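Working notes for the structure below.
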Amino acid sequence: MRILIVEDETAAYENLVDIINEIDASIEITGSTESIRQTIRWLKANQAPDLILMDIHLSDGSAFSIFSNIQIETP
């Protein structure tokens, strides 16, 4: 499984990675982004991950605005 993590707080990101690794060490974190703009660029430039874990409140606004800018099929 390939996961993209969208999180702008380092401690929260690190905790999430630790939890994922405890659950299943074979899960691959394919990328991490910290903002709406960075996430949109990442999604346009990379193969879609199997799962996206997304913080709602990012430094440049609500993560929901990502869905207004790019079509995402990934859960």
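Overview of values
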quantity: Solvent accessible area, Å² - Thr74, 1.4 Å probe, full protein context; calculated: 30
quantity: Compactness of the chain as Cα Rg over 2.2 N^0.38 Å, two decimals; calculated: 1.05
quantity: Around Ile3: net Lys/Arg minus Asp/Glu count, Cβ-Cβ under 12 Å; calculated: -3
quantity: Solvent exposure of the chain as accessible area per residue, Å², 1.4 Å probe; calculated: 64
quantity: Structure-based [θ]222 nm, the chain - -39500 (n - 2.57) summed over DSSP H runs of at least 4, per residue, nearest 500; calculated: -10500 deg cm²/dmol
quantity: Total formal charge among the other residues, if their Cβ is under 10 angstrom from that of Thr74, Lys/Arg +1 and Asp/Glu -1; calculated: -1
quantity: Under 11 Å, Cβ to Cβ, from Glu34 - net charge with Lys/Arg +1 and Asp/Glu -1; calculated: -4
quantity: Additional length obtainable on full extension of the chain from Ser65 to Glu14, 0.36 nm per residue less Cα span; calculated: 15.9 nm
quantity: Solvent-accessible area, 1.4 Å probe, carbon plus sulfur percent, for segment 5-75; calculated: 48
quantity: Relative contact order [Cα under 8 Å, 6+ residues apart], the chain, whole percent; calculated: 40
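The values are calculated or read from the model by the stated rules, or taken from the named source; none is laboratory data. Not measured: the values here are computed from a predicted model. All Cβ positions, glycine included, derive from the backbone under ideal geometry; neighbour counts span all protein chains shown. Ligands, DNA and RNA are stripped out before the accessible areas are found, and what is left, the full protein with its side chains, is counted by its heavy atoms. Shrake-Rupley method; radii C 1.70, N 1.55, O 1.52, S 1.80 Å.
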